[in-house]
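Just below is one structure, and these are the notes that go with it.
The values are calculated or read from the model by the stated rules, or taken from the named source; none is laboratory data. Note that the structure is predicted; figures quoted are calculated from it, not measured. Every residue, glycine as well, gets a Cβ built from its backbone with ideal geometry; the counts of neighbours run over all protein chains shown. Surface areas here come from the heavy atoms of the whole protein model, side chains and all, with no ligands, DNA or RNA. Shrake-Rupley method; radii C 1.70, N 1.55, O 1.52, S 1.80 Å.
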Amino acid sequence: MNLDQLRTFQTVSTCGSFTKASRKLFLTQPAVSQQIQALEASIGVKLFDRSRNKIHLTRQGEMLLARTSKIEYEIQKIERLFSELSNLGRGKLEIGSSAVFGTYFLPRPIGKFNSEYPCIEINLHAGNSHAIISMLLDNTIEIGFGGLMEDEPGIGFSLIHQEPLVAVVGMQHPLAIEKKISVDMLKNTPFIVREKGTGVHHDVEKWLQTLPETSYPERFIELENVETAKRVVEEGFGVTIVPQVAVQRELDSGLLKVISFPKFQLKASYYLYYPIKRKLSRATKTFLAMLPQAVF
């Protein structure tokens, strides 16, 4: 017994004729007869009474027709469901992102995607780069974005953007009025850094290690949130290094000021994380196709 045989049986039953059923199914009449005979053989009962001029369902045939009607209804529901999924009429988009990329780069493409496919549910999971990779490994998300590239089997990495890093202070900070800034001025200035596990922390730490001992900051404050770091600096406390996109509004409004150190040319790199062996959903592929024109 298979679905084709059941559908043929249901069509013959509703049409009341093998000939009419063959036309509706675009099959030859012998092919329809063969499917009915095979179905009867598989379940061991006669489904039609062929002793009269017109075929009639047997009692067993009536019982089967009641069941096949329910089966056909469920099949149609399944077909409609997957038709909607293939046409992005419903579904989910599971994305993971580090704080900066998720806050400053993803809102625009997410908004664009939502306006074009409003029935797709979007879930954005936040975490540092290590956490995003872990989410990919346990299938919590389909794709992720972060600032670190790691040697992780099964996970692919693709560089999608580089953003300049800038050192900023509040307008009330003494360094804000200095005409010439040197790295030596960092020694007595509280240095605010992002938490470990972020790409910016990694890049800033490598840069600090290149400084002479006389310039190395004596006081560090580690903060999880870039927004908190910005607010602390706005109040005139310390200096921080962040992606330019994260402080552009504050720079434009005069709340923060960029201070330039000699030979300071850092950039934050952002990567797309994706499973190498897992096939991405159509919704995810469609979202990725929107990134180039929507983000940059």
(request) Mind giving me the FRET efficiency for Lys187 and Glu150? R0 is 35 Å, r the Cβ-Cβ distance, nearest 0.05 is fine. (result) 0.60
(request) Provide the gained length on full extension for the span Thr228 to Ser158, in nm with one decimal, where the gain is 0.36 nm per separating residue minus the Cα-Cα distance. (result) 22.3 nm
(message) For the pair Arg282/Lys24, report the inter-label distance in nm, with labels modelled 7 Å from Cα in the Cβ direction.
(response) 2.9
(request) At 0.36 nm per residue, minus the direct Cα-Cα distance, what do Arg90 and His56 gain on full extension? Give it in nm, one decimal, please. (result) 8.0 nm
(request) Take the solvent-accessible surface of the protein heavy atoms, probe 1.4 Å, and return the percent of it on the chain that carbon and sulfur atoms account for. (result) 52
(message) So, for the chain, what is the accessible surface per residue at a probe of 1.4 Å, expressed in square angstrom?
(response) 56
(request) With a Förster radius of 35 Å, plug the Cβ-Cβ distance of Lys112 and Leu3 into 1/(1 + (r/R0)^6) and report the FRET value to the nearest 0.05. (result) 0.30
(request) Please identify which residues in segment 253-287 have an amide N closer than 15 Å to a label point set 7 Å out from the Cα of Ile122, following the Cα→Cβ vector. (result) 283-287
(message) Given points 7 Å out from each Cα along the Cα-Cβ axis, report the Met63 to Val258 separation in nanometres with one decimal.
(response) 8.1
(message) Suppose a student asked you for the relative contact order of the chain, using Cα pairs under 8 Å spaced at least 6 residues apart; what percent would you report?
(response) 21
(message) Could you sort Arg278, Arg249 by their accessible area in this structure, using a 1.4 Å probe and putting the largest first?
(response) Arg249, Arg278
(message) What FRET efficiency comes out for Thr214 versus Met171 if R0 is 22 angstrom and r is the Cβ-Cβ distance? Round to the nearest 0.05.
(response) 0.20
(request) Give the value in nm², to one decimal: projected area of the alpha carbon convex hull of the chain, averaged over all directions. (result) 22.0
